[in-house]
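S.K.: I am attaching a structure below and will ask some questions about it afterwards.
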2 protein chains.
Amino acid sequence: MPKPQTNKKSTSTIMEQGRRPTSYDVARIAGVSQSAVSRCFAPNASIGAAKRELILKVAAEIGYKPNALAQALISKRTNIVALIISARTNLYYPEVLAELSARLNERDMRVLLFSLSEESEVDGVLDQIWRHSVDGVISAARLSAAQVAQFAEHRVPLVLYNRVATAAPSVRCDSVSGERHLVEHLLAAGHRRFGLISGPADSYVGEERRTAALAALAQAGVSDVAESRGDFSYDSGHRAMHALHQAAGKLDAVIAVSDLMAIGAMDAARRDLGLGIPDDLSVVGFDGAGPARWGSYDLTSVRQPVRRMTDAAVSMLVERIEDATAPAEQRLFTGELLSGSSARIAVPAM
Amino acid sequence: MPKPQTNKKSTSTIMEQGRRPTSYDVARIAGVSQSAVSRCFAPNASIGAAKRELILKVAAEIGYKPNALAQALISKRTNIVALIISARTNLYYPEVLAELSARLNERDMRVLLFSLSEESEVDGVLDQIWRHSVDGVISAARLSAAQVAQFAEHRVPLVLYNRVATAAPSVRCDSVSGERHLVEHLLAAGHRRFGLISGPADSYVGEERRTAALAALAQAGVSDVAESRGDFSYDSGHRAMHALHQAAGKLDAVIAVSDLMAIGAMDAARRDLGLGIPDDLSVVGFDGAGPARWGSYDLTSVRQPVRRMTDAAVSMLVERIEDATAPAEQRLFTGELLSGSSARIAVPAM
């Protein structure tokens, strides 16, 4: 049976006009009401099987897809989650972003990405977020208490990633136990003169790791620790190694609060200062990022359980999207000590 | 003058109900029509100055923000651009993503991120893109001709990044001139026995670089080139170096079609095969990514002009969003040869 002539004309008209087909086009061609087309694509709406089949057939023929924006206005859900992430030199940022993105896609949610080059850009980002009606936000960038409070005001669920705030749920890797394990590992191997490459004073993660490392050393009676601050970049780790060497002379071990700074320190120690690693100097980092495993570094570090942490962040966010009264929970994951060849290890007793 | 009692009640009612204020709330409290509130926030709509001021005051008081979804349905513009990017082991992916994101934000556009772990996921991503009414798409992932054709059907502007298709505009770094410069650099320094670490056969960029390197070598009379394929990862570069060494014995130079594979090859050559770099073996890469500049590698490579390329990609996309009939343009950028210490250089004639 040939298709009715009118249908063919309508279809080609849309194509010639070069516009996207609408639900009204589907309705006209299928000979049904526009509200029937809407119901056909709405979840749980009632519509007869024959009418549904006809509408789906016409829609496929003319390339009509229901508009996610219109559906979002009806359902009050956009299935879009905003990710705020600081692109600042961080070796494991791509991995965290890829994993969060994969976990959200598995739940049929999309990622609206806000990649900050400076944390001062957060306010502008928040304004955008309120306007875009996202279902929720995961922030791996630092938020002030006032900024966290804005999420409650705007009723936008928030989960913090490797950040913490009393009013918001969060997922973190335990810096305290991680740095303690690194320090114990170094002490057991006989290291006594320590240098510390810390991060900028306004970095939450950096300060947490710095304090934990110094506390673990102090507990073992090591209180005279040379320190130089970096900004988490390779270059700053490189410079800090030179600064420590000038200020403190021969050290047994350098603790860097991130892998990238540890890698910069190793290159400075070996190439500029002529130190053998680990024979003359042990170096440890934190994160367990890809390049830390490269043959030239093989860095002793603490590996963050990124897969489990991103899983937890997404689960917590979905829970709060579905139930705004769900209590804020702080989840702390223990990292895994990776013993590489960048640090001497304890010789077992005979 | 005290505020009318009714207004206070309305405001607190919204707060108590724990819901986001709507344009109807603003209208009720300000004592104006809802359409006046809509006009107040619509671009170029007419509204009296006094009424406008009152509406903005009430909106600020109760925390009302116009809904971007509703505005998008009216304006047919969402100011959202989808980025399709393959997260597969690529050192310069984070930089490209951060730069594209920054360029789009400068133009007040947001990024809907589709991070692929495998290129086979593209079809699912495209379905999502048609549903989300994005203004346009930048793809750094490979698209088939059929997939590119779907963009035209759905009237969604597309710009390809480091990919090419006859029907779509694209921005690329010139692999042919880049590899030719690398080969000339190596030939001038006297290298004669070459090994090539190429990418997977289904990689557009990998094949382009492979073909260009082999053609430049053949032009200089070097046709016997040992080859081993990798998958762009560090580990695959490491393995390929071992394979080349076993198959071809002593080589003068290894050309890897990406920095990450070159870095893996350097670690294998130095640490496993005991070769000095560049004294026993020269290694070159492609991309000019951050770690290629680290002291342990200092890789001779071709640096892609990421800033200019991302600028061009965003400009071209915006042009096509504003004028769907703009002709497709293929823009080819020349990379910069970075001469590092991973490759011997020509000794100047006395």
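S.K.: Could you identify the single residue in B:Leu112, B:Leu126 that is facing chain A (nearest Cβ under 10 Å), on the phi < 0 side of the Ramachandran plot, open to solvent by less than 20 Å² (accessible area, probe 1.4 Å) and modelled with pLDDT of 80 or more? So that I can check it myself, show each step before the final result.
M.R.: Values: B:Leu126 fails: facing chain A (nearest Cβ under 10 Å).
Among B:Leu112, B:Leu126, only B:Leu112 is facing chain A (nearest Cβ under 10 Å), on the phi < 0 side of the Ramachandran plot, open to solvent by less than 20 Å² (accessible area, probe 1.4 Å) and modelled with pLDDT of 80 or more.
S.K.: For residues that are among the β-branched types (Val, Ile, Thr) and either on the phi > 0 side of the Ramachandran plot or touching a Ser or Thr at 6+ places or on another chain (Cβ under 8 Å) (or both), scanning just the range A:319-350, find the one that is most open to solvent (accessible area, probe 1.4 Å). Talk me through it step by step, then tell me what you get.
M.R.: Filtering the range A:319-350 down to residues among the β-branched types (Val, Ile, Thr) leaves A:321, A:325, A:334, A:345, A:347.
Checking the rest, the ones that are also either on the phi > 0 side of the Ramachandran plot or touching a Ser or Thr at 6+ places or on another chain (Cβ under 8 Å) (or both) come to A:334, A:345.
Working: A:Thr334: 77, A:Ile345: 98 Å².
Checked the range A:319-350; the qualifying residue most open to solvent (accessible area, probe 1.4 Å) is A:Ile345.
S.K.: Okay, moving on. Residues of the range A:48-68 being within 11 Å of A:Ala36 (Cβ to Cβ) and in a loop (DSSP other than H, G, I, E, B), which ones?
M.R.: If the condition is that a residue be within 11 Å of A:Ala36 (Cβ to Cβ) and in a loop (DSSP other than H, G, I, E, B), then A:Gly48 is the only one that fits.
S.K.: Follow-up question, since we're still on this one. Does A:Leu182 fit the bill of being within 17 Å of A:Ala346 (Cβ to Cβ) and either assigned to a loop (DSSP other than H, G, I, E, B) or open to solvent by less than 10 Å² (accessible area, probe 1.4 Å) (or both)?
M.R.: Numbers: within 17 Å of A:Ala346 (Cβ to Cβ): yes; either assigned to a loop (DSSP other than H, G, I, E, B) or open to solvent by less than 10 Å² (accessible area, probe 1.4 Å) (or both): yes.
Against the criterion (within 17 Å of A:Ala346 (Cβ to Cβ) and either assigned to a loop (DSSP other than H, G, I, E, B) or open to solvent by less than 10 Å² (accessible area, probe 1.4 Å) (or both)), A:Leu182 qualifies.
S.K.: Kindly list, by first and then second residue, each pair from a residue in the range B:21-43 that is under 17 Å from A:Ser133 (Cα atoms) to a residue that is among the small types (Gly, Ala, Ser) and open to solvent by 50 Å² or more (accessible area, probe 1.4 Å), limited to pairs with Cβ atoms under 8 Å and residues at least 6 apart or on different chains.
M.R.: B:Ser23/B:Ser38
S.K.: Step by step: first the residues of the range B:67-82, then only those that are out of contact with any helix residue (DSSP H, G or I) (no Cβ under 6 Å at 6 or more places or on another chain) and more than 7 Å from chain A (Cβ to nearest Cβ), then the one that is modelled with the highest pLDDT. Which residue is that? Give the derivation first.
M.R.: Here is the first cut: in the range B:67-82, the ones out of contact with any helix residue (DSSP H, G or I) (no Cβ under 6 Å at 6 or more places or on another chain) are B:67, B:70-71, B:74-77, B:79-80.
Then keep just the ones that are more than 7 Å from chain A (Cβ to nearest Cβ); that gives B:71, B:74-77, B:79-80.
Values: B:Gln71: 64, B:Ile74: 60, B:Ser75: 62, B:Lys76: 67, B:Arg77: 76, B:Asn79: 87, B:Ile80: 91.
This residue is B:Ile80.
S.K.: For the range A:137-161, enumerate the residues that are within 10 Å of chain B (Cβ to nearest Cβ) and open to solvent by 30 Å² or more (accessible area, probe 1.4 Å).
M.R.: Answer for the range A:137-161, where residues must be within 10 Å of chain B (Cβ to nearest Cβ) and open to solvent by 30 Å² or more (accessible area, probe 1.4 Å): A:Gln150, A:Ala152, A:Glu153, A:His154, A:Arg155.
S.K.: Out of the residues in the range A:296-324 that are modelled with pLDDT of 95 or more, of a type outside the set (Ser, Thr, Tyr) and more than 17 Å from the chain's Cα centre (by Cα), which is nearest to A:Arg193 (Cα to Cα)?
M.R.: My answer is A:Leu299.
S.K.: Name the strands (runs of 3 or more DSSP E) wholly inside the range A:283-350 in which the number of residues that are closer than 29 Å to A:Gly136 by Cα is 2 or more. Before the answer, list the steps.
M.R.: On the way: elements: A:301-303, A:330-333, A:336-338.
Fully inside the range A:283-350 and qualifying: A:330-333.
S.K.: Next question. Filter the range B:287-318 for residues that are open to solvent by 10 Å² or more (accessible area, probe 1.4 Å), within 12 Å of chain A (Cβ to nearest Cβ) and either among the hydrophobic types (A, V, I, L, M, F, W, C) or farther than 19 Å from A:Ala265 by Cα (or both) and give the result.
M.R.: B:Trp294
S.K.: Out of everything in the range A:217-253 that is part of a helix (DSSP H, G or I) and touching a residue at least 40 places away in the same chain (Cβ under 8 Å), what residue ends up being surrounded by the most Cβ atoms within 10 Å (Cβ to Cβ)? Steps first, answer last, please.
M.R.: Just the residues of the range A:217-253 that are part of a helix (DSSP H, G or I), to begin with: A:217-219, A:234-248.
After this cut, where a residue has to be touching a residue at least 40 places away in the same chain (Cβ under 8 Å) as well, the list is A:234, A:237, A:240-241, A:244, A:248.
Numbers: A:Tyr234: 26, A:Gly237: 29, A:Ala240: 25, A:Met241: 31, A:Leu244: 23, A:Ala248: 17.
That would be A:Met241.
S.K.: Also: Take the range B:186-199 and flag every residue that is assigned to a helix (DSSP H, G or I) and either farther than 20 Å from B:Met266 by Cβ or open to solvent by 40 Å² or more (accessible area, probe 1.4 Å) (or both).
M.R.: The initial filter retains those residues of the range B:186-199 that are assigned to a helix (DSSP H, G or I), namely B:186-188.
B:Leu187, B:Ala188, listed by residue number.
S.K.: Looking for something more than 14 Å from chain A (Cβ to nearest Cβ), farther than 30 Å from B:Ala98 by Cβ and modelled with pLDDT of 95 or more - is there at least one such residue anywhere in the range B:227-242?
M.R.: Looking through the range B:227-242, at least one residue is more than 14 Å from chain A (Cβ to nearest Cβ), farther than 30 Å from B:Ala98 by Cβ and modelled with pLDDT of 95 or more.
S.K.: Quick one: which residue in A:Ser139, A:Ser198 is small (Gly, Ala, Ser) and more than 29 Å from A:Arg107 (Cα to Cα)?
M.R.: Working: A:Ser139 fails: more than 29 Å from A:Arg107 (Cα to Cα).
The unique qualifying residue is A:Ser198.
S.K.: Looking at (1) under 20 Å from A:Arg172 (Cα atoms); (2) within 14 Å of chain B (Cβ to nearest Cβ); (3) of a type in the set (A, V, I, L, M, F, W, C), which is the only condition A:Val257 fails?
M.R.: Of everything listed in (1) under 20 Å from A:Arg172 (Cα atoms); (2) within 14 Å of chain B (Cβ to nearest Cβ); (3) of a type in the set (A, V, I, L, M, F, W, C), A:Val257 misses just condition (2).
S.K.: Of all residues in the range A:263-286 being among the aliphatic types (A, V, I, L, M) and over 30 Å from the mean Cα position of the chain (by Cα), which is farthest from the other protein chains (Cβ to nearest Cβ)?
M.R.: Step one: of the range A:263-286, the residues among the aliphatic types (A, V, I, L, M) are A:263, A:265-266, A:268-269, A:273, A:275, A:277, A:281, A:283-284.
Next, only the ones that are over 30 Å from the mean Cα position of the chain (by Cα) stay: A:269, A:273, A:275, A:277, A:281.
Numbers: A:Ala269: 10, A:Leu273: 12, A:Leu275: 13, A:Ile277: 11, A:Leu281: 15 Å.
That would be A:Leu281.
S.K.: If you take the residues of the range A:190-226 that are in contact with a Gly (Cβ under 8 Å, 6 or more places away or on another chain) and modelled with pLDDT of 95 or more, which of them is farthest from the other protein chains (Cβ to nearest Cβ)?
M.R.: Residues of the range A:190-226 in contact with a Gly (Cβ under 8 Å, 6 or more places away or on another chain): A:197-200, A:205-207, A:209-210, A:212, A:225-226.
Okay, now just the ones that are also modelled with pLDDT of 95 or more, so A:197-198, A:209-210, A:212, A:225-226.
On the way: A:Ile197: 16, A:Ser198: 21, A:Arg209: 22, A:Arg210: 24, A:Ala212: 27, A:Val225: 25, A:Ala226: 22 Å.
Among those that are in contact with a Gly (Cβ under 8 Å, 6 or more places away or on another chain) and modelled with pLDDT of 95 or more, it is A:Ala212.
S.K.: Let me ask something else. Which of the following residues is within 12 Å of chain A (Cβ to nearest Cβ) and either within 15 Å of the chain's Cα centre (by Cα) or buried (at least 21 other Cβ atoms within 10 Å of the Cβ) (or both): B:Val134, B:Val171, B:Val164?
M.R.: Details: B:Val171 fails: within 12 Å of chain A (Cβ to nearest Cβ); B:Val164 fails: within 12 Å of chain A (Cβ to nearest Cβ).
Going through B:Val134, B:Val171, B:Val164 in turn, just one is within 12 Å of chain A (Cβ to nearest Cβ) and either within 15 Å of the chain's Cα centre (by Cα) or buried (at least 21 other Cβ atoms within 10 Å of the Cβ) (or both): B:Val134.
S.K.: Of all residues in the range A:263-282, count the ones that are outside any loop (DSSP other than H, G, I, E, B) and in contact (Cβ under 8 Å) with a residue 24 or more places away in the chain. Outline the logic, then answer.
M.R.: Kept after step one, since they are outside any loop (DSSP other than H, G, I, E, B), are these residues of the range A:263-282: A:263-272, A:282.
Those still in the list that are in contact (Cβ under 8 Å) with a residue 24 or more places away in the chain too: A:263-269, A:272, A:282.
The number of residues fulfilling the criteria is 9.
S.K.: Mind checking which residues of the range B:89-108 are within 8 Å of chain A (Cβ to nearest Cβ), within 19 Å of B:Val205 (Cα to Cα) and at pLDDT 85 or above?
M.R.: B:Leu97
S.K.: Moving to a separate point now. Just a yes or no: is a residue in the range B:254-262 more than 21 Å from B:Asn162 (Cα to Cα) and either over 21 Å from the mean Cα position of the chain (by Cα) or not in a helix (DSSP H, G or I) (or both)? I'd like the intermediate steps shown before the answer.
M.R.: Just the residues of the range B:254-262 that are more than 21 Å from B:Asn162 (Cα to Cα), to begin with: B:254.
This time we only want the ones that are either over 21 Å from the mean Cα position of the chain (by Cα) or not in a helix (DSSP H, G or I) (or both), so: B:254.
Yes, that holds for at least one residue.
S.K.: Please enumerate the residues belonging to the range A:200-210 that are of a type outside the set (D, E, K, R) and open to solvent by 30 Å² or more (accessible area, probe 1.4 Å).
M.R.: Residues of the range A:200-210 of a type outside the set (D, E, K, R): A:200-201, A:203-206.
Within the range A:200-210, A:Ala201, A:Tyr204 qualify.
S.K.: Still on this structure: Consider only pairs whose beta carbons are under 6 Å apart and that are at least six residues apart or on different chains; among these, list those whose first residue lies in the range B:119-134 and is in a helix (DSSP H, G or I) and whose second residue is modelled with pLDDT under 85 and open to solvent by 30 Å² or more (accessible area, probe 1.4 Å).
M.R.: B:Glu119/B:Arg142; B:Trp130/A:Lys65; B:Arg131/A:Lys65
S.K.: Does B:Ile85 meet the test of being more than 9 Å from every other protein chain (Cβ to nearest Cβ), crowded, with 21+ Cβ neighbours inside 10 Å, farther than 19 Å from B:Ala324 by Cα and of a type outside the set (Asp, Glu)? Can you show your working first?
M.R.: On the way: more than 9 Å from every other protein chain (Cβ to nearest Cβ): yes; crowded, with 21+ Cβ neighbours inside 10 Å: yes; farther than 19 Å from B:Ala324 by Cα: yes; of a type outside the set (Asp, Glu): yes.
Considered against the rule, which asks whether it is more than 9 Å from every other protein chain (Cβ to nearest Cβ), crowded, with 21+ Cβ neighbours inside 10 Å, farther than 19 Å from B:Ala324 by Cα and of a type outside the set (Asp, Glu), B:Ile85 comes out as yes.
The values are calculated or read from the model by the stated rules, or taken from the named source; none is laboratory data. Model, not experiment: these values are computed from the prediction. Reconstructed Cβ throughout: ideal geometry from the backbone, glycine too, with neighbour counts over all protein chains shown. In case anyone asks, the SASA skips ligands and DNA or RNA and just uses the protein heavy atoms, side chains included. Shrake-Rupley method; radii C 1.70, N 1.55, O 1.52, S 1.80 Å.
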